[in-house]
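Novice: Can you keep this structure in mind? I'll have questions shortly.
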């Protein structure tokens, strides 16, 4: 009798163990832990980098810059790929598009971030419509009849190939440094038919929701998979290649409006050099 009771107890314990093990497997599978041999305990809990506070009285020189980050450049492809989410990585377009549609971040029509927009409605209006003509055999009339069908194509990740950034460069006399702060940025859609580039929406970079989203979205680190970078790292550490398209001036002109061809690149390089020489011109040793 005792042996039978002991056997039942052992079977009962084994049943609980198997049930618990199955539950853990399901939880791990749902949380995506099977994609790694260790548990990512800090995933989703990273804080955005806190910039040093700056007083207005300490700014002795500043200039506003607009620049373009072209995703087709090798260094910038980290913003562009993967086009489809994979291995825990997503493109910048996917991150911002999903967050804007879900209402997690606010998006704006202008780079001053004064007019908020409903991205779902704007995105629907930006879809391209094409008419496709096909021929269907009509058994009654015994002839092919022309059928026109309209197909609407929504924006795809590979259509967004640039990022437009608005930023302020300044000299802080309190810290004796030249520094920069990103004000806003926009994903830029490459339009067909020579229509030029179209900013989809602007994001206020310093919004807490935006910074938190960027800090907790990992990107590929080509040097070490165990130390993933975040989109916030790319911006704060300036891990991108870009060129200047505008500087604040009297007429608020884009470089493209008064220069063409190679002269645009030379002007962009000239302004870039001025930014790096700002502090050298300010201090005496």
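The values are calculated or read from the model by the stated rules, or taken from the named source; none is laboratory data. None of the values given here were measured: they were computed from a predicted structure. All Cβ positions, even for glycine, are placed from backbone atoms using ideal geometry, and neighbour counts span all protein chains on display.
Novice: Return yes or no: is residue 158 at pLDDT 85 or above, surrounded by fewer than 18 Cβ atoms within 10 Å (Cβ to Cβ) and part of a helix (DSSP H, G or I)?
Specialist: Answer is yes for this residue.
Novice: Shifting gears a bit: Considering only region 200-228, how many residues are under 14 Å from the mean Cα position of the chain (by Cα) and touching a residue at least 60 places away in the same chain (Cβ under 8 Å)?
Specialist: 17
Novice: Continuing with the same structure: Just checking, does region 209-216 include any residue being surrounded by 15 or more Cβ atoms within 10 Å (Cβ to Cβ) and assigned to a strand (DSSP E or B)? Outline the logic, then answer.
Specialist: Quick first cut of region 209-216, residues surrounded by 15 or more Cβ atoms within 10 Å (Cβ to Cβ) only: 210-216.
In the following step, the residues that additionally are assigned to a strand (DSSP E or B) were identified as none.
No, region 209-216 has no match at all.
Novice: I've got another one for you. All but one of (1) over 25 Å from residue 244 (Cβ atoms); (2) in contact (Cβ under 8 Å) with a residue 12 or more places away in the chain; (3) assigned to a helix (DSSP H, G or I) hold for residue 75; state the number of the condition that does not hold.
Specialist: Residue 75 satisfies all of (1) over 25 Å from residue 244 (Cβ atoms); (2) in contact (Cβ under 8 Å) with a residue 12 or more places away in the chain; (3) assigned to a helix (DSSP H, G or I) except (1).
Novice: Shifting gears a bit: Out of region 255-284, which residues are touching a residue at least 40 places away in the same chain (Cβ under 8 Å) and either loosely packed, with under 10 Cβ neighbours inside 10 Å or not in a helix (DSSP H, G or I) (or both)?
Specialist: Correct list: 283 only.
Novice: Within region 221-245, restricting attention to residues that are surrounded by 15 or more Cβ atoms within 10 Å (Cβ to Cβ) and touching a helix residue (DSSP H, G or I) at 6+ places or on another chain (Cβ under 6 Å), which residue is nearest to residue 92 (Cα to Cα)?
Specialist: By that ranking, first place goes to 231.
Novice: Taking the stated definitions as given, is residue 92 surrounded by 13 or more Cβ atoms within 10 Å (Cβ to Cβ), farther than 20 Å from residue 226 by Cα, at pLDDT below 90 and within 18 Å of the chain's Cα centre (by Cα)?
Specialist: Values: surrounded by 13 or more Cβ atoms within 10 Å (Cβ to Cβ): yes; farther than 20 Å from residue 226 by Cα: yes; at pLDDT below 90: no; within 18 Å of the chain's Cα centre (by Cα): yes.
So residue 92 does not fit the description; no.
Novice: Same structure again: If residue 248 passes every condition in (1) more than 15 Å from the chain's Cα centre (by Cα); (2) surrounded by 16 or more Cβ atoms within 10 Å (Cβ to Cβ); (3) touching a residue at least 60 places away in the same chain (Cβ under 8 Å) but one, which one does it miss?
Specialist: Result: residue 248 fails condition (2) only.
Residues checked against (1) surrounded by fewer than 18 Cβ atoms within 10 Å (Cβ to Cβ); (2) assigned to a loop (DSSP other than H, G, I, E, B):
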{"site": "47", "(1), (2)": "yes, yes"}
{"site": "50", "(1), (2)": "yes, yes"}
{"site": "96", "(1), (2)": "no, no"}
{"site": "111", "(1), (2)": "no, yes"}
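Novice: Of the residues 51, 79, which single one is under 19 Å from residue 197 (Cβ atoms), at pLDDT 90 or above and touching a helix residue (DSSP H, G or I) at 6+ places or on another chain (Cβ under 9 Å)?
Specialist: Of 51, 79, the one residue that is under 19 Å from residue 197 (Cβ atoms), at pLDDT 90 or above and touching a helix residue (DSSP H, G or I) at 6+ places or on another chain (Cβ under 9 Å) is 79.
Novice: May I pose another question? When residues of region 82-94 are filtered for being in a loop (DSSP other than H, G, I, E, B) and in contact (Cβ under 8 Å) with a residue 60 or more places away in the chain, how many remain?
Specialist: 5
Novice: Continuing with the same structure: Which condition does residue 202 not pass, out of (1) assigned to a strand (DSSP E or B); (2) at pLDDT below 90, if it passes all the others?
Specialist: Just one mismatch for residue 202, condition (2).
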